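Enquirer: What follows is a structure written as structure tokens; I'll ask about it next.
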Amino acid sequence: MANPWFLKGHTACAGCGCTIAIDEMLKAVGPDVVVVNATGCMEIVSSMYPSCNWNVPYLHSLFENVPAVASGVSRAFKALGKKGVVLGFSGDGGAYDIGFGALSGAMERNEDMMFVIYDNEAYMNTGVQRSGATPFHAATTTSPQEVAGKREWKKDMSFIAAAHRIPYVATANIGFPVDFKNKLKKAKEKKGFRLVTVYANCPIGWRHDSALTIDIAKKAVESGMWHLFEIEDGAFKRTYRPKQFIPLEEYLKPQGRFKHLTPDMVKEAQEHVNKTVAELDRLEGCKVDFKYLE
Amino acid sequence: MRKIIEGSIAVAHVVARCGVQVVAAYPITPSTHVPEELSRIQPEYGFEFIPVESEHSALSAIVGASVAGARTFTATASQGLALMNEVLHNASGMRLPLVMVVGNRALSAPLNIWNDWQDGISSRDTGWIQLYCKNNQEVIDTVIQAYKIAETISFPVMVGMDGFYLTHEITTIDLPEKEEISAFLPPFKPKQSLDVEKPLAFGTYMNPQYYMDAKAQQQKDMLAAAKTIEAVAAEFGKAFGRKQAALVEEYQSSDAERVIVTMGSLSENVEIAVDELRAKGERVGLVRIKCFRPFPAEALAKALGGKKAAVMEKDASYGYEGALATELKAALKTDVLGIVCGLGGRDVKLGDVKKVFEMLSRGEKGTVWL
């Protein structure tokens, strides 16, 4: 289906999960949004002068400052009485790492905006370097297979965000578009800072067949590598939990970034996933929320 | 209305009276009193105040607010201006009419909170108009003009006020009323802005076939900005009854044999030295650079032609000389005596200024660190 707010002709790679994320995002929240985009793949492929795919008001400033720029837009709209929802859009490098201070500041001030992080788990625009969002074991050009991939765990952005006590935090996945769009629509209706982090593949960086984008995205959730949940006004709730998780190996196998994994490393990763699933189960079962003081 | 007031507090009030709509700021000595006062008077004026988590975000936030169509403001100094560096380039490249006051201060290391101009001078090539003021009346008047200049030609303007010497000086200032300012400065009406009714894209990527054209246009317009700065100063002078320096200001220099060139509050020390030496019959004078960018090469050549000149500056380009000296030599096509002084707040006394005039008499050349 053609998207009237994100037009045809972008220059992203075949099978790019991030442009799928934009497409779904604008279908859910267009047209009365103002997009503030970070430097990165999604900026380069969609807004190279003199062409532009964004058919909504669009602003690109720099790499790490989207939360601050969007704060300014949001406040100006308030001051001027202009209509439109401000939507910050950034990759994981811009949000988890270099722009983390700006993101934390905007969340702490509870600026009135939506913020979508498209998480492709590395710096893809510069040629696949590790980021704070790169998962354990994944090989990138700065965590190469020669050193057995990345040695650290992925940063848990959603819970860090929730600790700022913002009204809405959610995770999404391009393999679950209805869930993603429902979360965006819900977020759009709220006031204050609303964060949605969407899993979005990079077939080049992850070294998988471009035809497998959606299949792998789904397997991320089915295996427990990615979780679908929301933390609404502090209350944690899964929006989908597989009844039976598939073995992690099925998720890892089609991806070149995990090709170097030995059986022991797969086992280590599976144990980590099991632990995370158990933690979230406990969190949900106990109805633990983040309103510590209520 | 004439008022005894601290420089920073006066800046906050004049910015509010200019009808600013979004302010974003982060505290840094010696400009902190500006955002403090703005946050205090915000309810009275109704502008948005964003207490951001860094100077990088302060400038970024007003970039966003400006593209959204608001009149904006921030204030900073020293490390804060350095942290803003990439956003400085970004804002001027996007041709945003931002106004920023810089409480000029030394850069670390060694850490030092006192006045010099290294922060502003190091931001020389960022594409901002840079105006340096000699006293707080001029700071106030220049802030009002800065909005008019910025919004007329779509350039960001940096107003320099020496840290502590001006930011913390309590003195008598004629602080114009809101109504007087609005008669001079109409509301900000951007040619285009973020608007859901009319979607436009701002800040897009440009490949080599376009990038250089955009930058060439920026250079052409920046050079032409001198005319606007002069016109706005003349208009301001007429409207407020106070004569304004635009690009350079000459003090007793027309018949002078020896002239000191400088900027900022140091100029007032030089004025005193000139008066004292003139009383003794010495033909000395001062040429003050108010507008550092665009650089008033022509005006300086006219004011200094055939005279012995020394430049006193509170900055250095390490590995060469003072930045102003380099620029002045190029503008005059002759040698000048370079004096690097007052770094990190070291006092430049009346005697020091007189010493520089003596050095000029002796025909000294090169660079001297006072």
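Enquirer: Tell me the residue from B:Glu313, B:Glu321, B:Glu271 that is touching a helix residue (DSSP H, G or I) at 6+ places or on another chain (Cβ under 8 Å) and of a type in the set (Asp, Glu), please. Lay out the reasoning, then the answer.
Expert: Working: B:Glu321 fails: touching a helix residue (DSSP H, G or I) at 6+ places or on another chain (Cβ under 8 Å); B:Glu271 fails: touching a helix residue (DSSP H, G or I) at 6+ places or on another chain (Cβ under 8 Å).
Exactly one of B:Glu313, B:Glu321, B:Glu271 is touching a helix residue (DSSP H, G or I) at 6+ places or on another chain (Cβ under 8 Å) and of a type in the set (Asp, Glu), namely B:Glu313.
Enquirer: Considering only the range B:203-214, state which residues are more than 7 Å from chain A (Cβ to nearest Cβ) and within 20 Å of B:Ser66 (Cβ to Cβ).
Expert: Listed by number, the list holds a single entry, B:Ala214.
Enquirer: Within the range B:79-89, does at least one residue satisfy the condition of being away from chain A (no Cβ under 12 Å), touching a Leu at 6+ places or on another chain (Cβ under 8 Å) and among the polar types (S, T, N, Q)?
Expert: Yes, some residue in the range B:79-89 is away from chain A (no Cβ under 12 Å), touching a Leu at 6+ places or on another chain (Cβ under 8 Å) and among the polar types (S, T, N, Q).
Enquirer: Is it the case, given these coordinates, that B:Glu364 is among the acidic types (Asp, Glu), touching a strand residue (DSSP E or B) at 6+ places or on another chain (Cβ under 8 Å) and buried (at least 23 other Cβ atoms within 10 Å of the Cβ)? Even if it seems obvious, please write down each step before you answer.
Expert: On the way: among the acidic types (Asp, Glu): yes; touching a strand residue (DSSP E or B) at 6+ places or on another chain (Cβ under 8 Å): yes; buried (at least 23 other Cβ atoms within 10 Å of the Cβ): no.
Considered against the rule, which asks whether it is among the acidic types (Asp, Glu), touching a strand residue (DSSP E or B) at 6+ places or on another chain (Cβ under 8 Å) and buried (at least 23 other Cβ atoms within 10 Å of the Cβ), B:Glu364 comes out as no.
Enquirer: Further, regarding this structure: Being more than 8 Å from chain B (Cβ to nearest Cβ) and either surrounded by fewer than 24 Cβ atoms within 10 Å (Cβ to Cβ) or under 21 Å from B:Lys198 (Cβ atoms) (or both) is true for just one of A:Phe115, A:Phe77, A:Phe63. Which residue is that? Don't jump to the end; show me each part of the working.
Expert: Values: A:Phe115 fails: either surrounded by fewer than 24 Cβ atoms within 10 Å (Cβ to Cβ) or under 21 Å from B:Lys198 (Cβ atoms) (or both); A:Phe77 fails: more than 8 Å from chain B (Cβ to nearest Cβ).
Going through A:Phe115, A:Phe77, A:Phe63 in turn, just one is more than 8 Å from chain B (Cβ to nearest Cβ) and either surrounded by fewer than 24 Cβ atoms within 10 Å (Cβ to Cβ) or under 21 Å from B:Lys198 (Cβ atoms) (or both): A:Phe63.
Enquirer: If you don't mind, there's one more thing I want to ask. Specify which of the listed residues (A:Ala172, A:Ala217) is among the aliphatic types (A, V, I, L, M), over 17 Å from A:Pro67 (Cα atoms) and part of a strand (DSSP E or B).
Expert: Details: A:Ala217 fails: part of a strand (DSSP E or B).
When all the criteria are applied, what remains is A:Ala172.
Enquirer: Let me ask something else. Of the conditions (1) more than 11 Å from chain A (Cβ to nearest Cβ); (2) assigned to a loop (DSSP other than H, G, I, E, B); (3) modelled with pLDDT of 95 or more, B:Pro190 clears all except one; give me its number.
Expert: (1) is the only condition that B:Pro190 fails.
Enquirer: Filter the range B:72-97 down to the residues that are more than 13 Å from the chain's Cα centre (by Cα), free of Cβ contacts under 8 Å to residues at least 60 places away in the same chain and not in a helix (DSSP H, G or I) and list them by number.
Expert: The answer is B:Thr72, B:Phe73, B:Thr74, B:Met84.
Enquirer: Let me ask something else about it. Which members of the range B:30-52 meet the condition of being within 20 Å of A:Phe77 (Cα to Cα) and assigned to a helix (DSSP H, G or I)?
Expert: Step one: filter the range B:30-52 for residues within 20 Å of A:Phe77 (Cα to Cα), giving B:38-39, B:42-52.
Residues satisfying the conditions are B:Leu38, B:Ser39, B:Gln42, B:Pro43, B:Glu44, B:Tyr45.
Enquirer: Collect the residues in the range B:59-74 that are within 8 Å of chain A (Cβ to nearest Cβ) and either of a type in the set (A, V, I, L, M, F, W, C) or farther than 15 Å from A:Gly105 by Cβ (or both), keeping them in residue-number order. Can you show your working first?
Expert: Restricting attention to the range B:59-74, the residues satisfying the condition of being within 8 Å of chain A (Cβ to nearest Cβ) are B:60-70, B:72.
The answer is B:Ala61, B:Ile62, B:Val63, B:Ala65, B:Ser66, B:Val67, B:Ala68, B:Gly69, B:Ala70, B:Thr72.
Enquirer: I've got another one for you. Could you tell me whether the range B:122-142 includes any residue that is closer than 30 Å to B:Glu230 by Cβ, free of Cβ contacts under 8 Å to residues at least 24 places away in the same chain, within 14 Å of chain A (Cβ to nearest Cβ) and of a type outside the set (D, E, K, R)?
Expert: no
Enquirer: Among residues belonging to the range A:43-60 that are closer than 18 Å to A:Val29 by Cα and within 7 Å of another protein chain (Cβ to nearest Cβ), point out the one that is surrounded by the fewest Cβ atoms within 10 Å (Cβ to Cβ).
Expert: That would be A:Asn55.
Enquirer: So is B:Val20 over 22 Å from A:Gly101 (Cβ atoms) and part of a helix (DSSP H, G or I) or not?
Expert: No, not satisfied.
The values are calculated or read from the model by the stated rules, or taken from the named source; none is laboratory data. Keep in mind that this is a model prediction, so the values were computed, not measured. Every residue, glycine among them, receives a Cβ derived from its backbone with ideal geometry; neighbour counts consider all protein chains shown.
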